[in-house]
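The values are calculated or read from the model by the stated rules, or taken from the named source; none is laboratory data. Predicted model only: the values in this text are computed from it and were never measured. Positions of Cβ are backbone-derived with ideal geometry, glycine not excepted, and every protein chain shown enters the neighbour counts. Ligands, DNA and RNA are stripped out before the accessible areas are found, and what is left, the full protein with its side chains, is counted by its heavy atoms. Shrake-Rupley method; radii C 1.70, N 1.55, O 1.52, S 1.80 Å.
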Amino acid sequence: MDKSLTAFVELIKQSESIAVLTGAGISTSAGIPDFRGPKGLYVTRQYDPEKVFDINYFYHDPKPFFAFARDFLTLENKIRPTYAHRFLTHLEKEGKIKGIVTQNIDSLHQIAGSKNVYEMHGSFWQSHCLKCSKEFSFDQMKKKLGEEEIPKCSCGGVIKPDIVFFGENVKYYSESVALAERVDLFLVVGTSCVVYPAASLPHYVRGQIVIVNQSKVSLPLANIALAIEHDIDETFTSIVQRLGYKI
Ligand code: OAD
């Protein structure tokens, strides 16, 4: 572990441009469960993912999704960015990080202060009526969720948050590929790398790749310099100490 951390610090020091792909694992210490980790949503099945995140199911019956959304937005009031989110913001301010591609819909990167964030699976910031396309803000949607089982527009259409469901196109894909192609160092943080197209991004990287993820990530790529199978916040705490940053 010690050797890997020293090597990781050297890679960060040498790199002039870094990009990051994050997944649910970066937010678990903030209290948001991941999907496929030991306490993940797909393991505990607190919500049935086939129903909650499938666009065709949503058209058929949006109730399971809105039950999830209601819980998620209640949680959102209490959650704060993790040490890892703040570390990545610091690296962006230092000029090293050029962009973060996230599969997460919790917006914790932006709340931590990161600027160049591609929310590939969208977010709750905005919602739209499926019938007349009217836009609703985060606050309007939150209010509606508190009042209506299925939030509806005045035209009668169902309002859907702009998050990406299975069966829909991801956002910012070409920008994310361009970012992956041009950086010296690409960090894969807290994602099992099984959901495409996000999982394809490491394949575009011409520089070095470092993975920080508790469980093994199956990426058969020759340019993986390090795979640190350890807690994300603990790993970055050690890295920060070695870099001498104050976070
Ligand atoms: P996963 O749940 O598939 O992967 C999260 C990874 O983070 C797991 O491999 C965990 O072992 C790891 N992990 C969790 N907590 C950690 C910690 N504190 N330190 C280190 N590692 C930790 O989540 P994603 O890869 O983000 O899509 O899932 C991708 C997509 O699948 C999601 O965006 C979502 C889901 O279906 C949609 O809903 C469209």
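Checking F53 against (1) within 17 Å of the chain's Cα centre (by Cα); (2) modelled with pLDDT of 95 or more; (3) over 30 Å from K246 (Cα atoms), which single condition isn't satisfied? So the condition that F53 fails would be (2). The requirement of being more than 10 Å from the ligand (Cβ to nearest atom) and in contact with an Asp or Glu (Cβ under 8 Å, 6 or more places away or on another chain) is not satisfied by V240. Among residues of segment 35-51 that are closer than 15 Å to V194 by Cα, those with a beta-carbon under 7 Å from a residue that is among the acidic types (D, E) and within 7 Å of the ligand (Cβ to nearest atom) at least six positions away or on a different chain give the pairs G40/D34. If you go through segment 220-247 and keep only what is open to solvent by less than 20 Å² (accessible area, probe 1.4 Å) and either of a type outside the set (F, W, Y) or on the phi > 0 side of the Ramachandran plot (or both), you end up with I228, I232, T235, I239, V240. The numbered conditions (1) in contact with a Lys or Arg (Cβ under 9 Å, 6 or more places away or on another chain); (2) within 13 Å of the ligand (Cβ to nearest atom) are all true for T6 except (2).
Applying the criterion of being out of contact with any His (no Cβ under 8 Å at 6 or more places or on another chain) and in a loop (DSSP other than H, G, I, E, B) to the residues of segment 164-178, the residue that is nearest to the ligand (Cβ to nearest atom) is F165.
Selection of segment 85-122 for residues being over 20 Å from S29 (Cβ atoms) and small (G, A, S) yields G95, G99, G122.
From the list H128, H109, exactly one residue is within 18 Å of P62 (Cα to Cα) and not β-branched (V, I, T). Which is it?
Details: H109 fails: within 18 Å of P62 (Cα to Cα).
Sole residue among the options that is within 18 Å of P62 (Cα to Cα) and not β-branched (V, I, T): H128.
When segment 179-196 is filtered for residues that are part of a loop (DSSP other than H, G, I, E, B), away from the ligand (no atom under 16 Å from the Cβ) and either out of contact with any Ser or Thr (no Cβ under 9 Å at 6 or more places or on another chain) or of a type in the set (D, E) (or both), only D184 remains. Scanning segment 214-230 for residues that are without any contact (Cβ under 8 Å) to a residue 24 or more places away in the chain and in a strand (DSSP E or B) yields I224, A227.
Just to be sure, is S200 over 22 Å from E10 (Cβ atoms), small (G, A, S) and near the ligand (Cβ under 9 Å from one of its atoms)?
Working: over 22 Å from E10 (Cβ atoms): yes; small (G, A, S): yes; near the ligand (Cβ under 9 Å from one of its atoms): no.
Taking the combined requirement at face value, the residue does not satisfy it.
Based on what the data block shows, is K93 farther than 23 Å from V52 by Cα, of a type in the set (D, E, K, R) and free of Cβ contacts under 8 Å to residues at least 40 places away in the same chain?
Details: farther than 23 Å from V52 by Cα: yes; of a type in the set (D, E, K, R): yes; free of Cβ contacts under 8 Å to residues at least 40 places away in the same chain: yes.
Criteria met by K93.
Mind telling me which of the residues E181, E175 ends up being among the acidic types (D, E), modelled with pLDDT of 95 or more and open to solvent by 70 Å² or more (accessible area, probe 1.4 Å)? Matching residue, one of E181, E175: E175. Number of residues in segment 66-121 that are acidic (D, E), within 23 Å of Y196 (Cα to Cα) and modelled with pLDDT under 95: the value is 1. Might you check whether a residue that is open to solvent by 30 Å² or more (accessible area, probe 1.4 Å) and farther than 15 Å from A69 by Cα occurs anywhere in segment 138-145? No, the conditions are met nowhere in segment 138-145.
Of I159, I150, which residue is crowded, with 16+ Cβ neighbours inside 10 Å and in contact (Cβ under 8 Å) with a residue 12 or more places away in the chain? That would be I159, the only listed residue that is crowded, with 16+ Cβ neighbours inside 10 Å and in contact (Cβ under 8 Å) with a residue 12 or more places away in the chain. All conditions but one from (1) more than 30 Å from R182 (Cβ to Cβ); (2) more than 18 Å from the chain's Cα centre (by Cα) apply to Q14; the one that does not is (1). Considering each residue of segment 170-182 in turn, at least one proves to be touching a strand residue (DSSP E or B) at 6+ places or on another chain (Cβ under 6 Å), within 18 Å of Q103 (Cα to Cα) and of a type in the set (F, W, Y).
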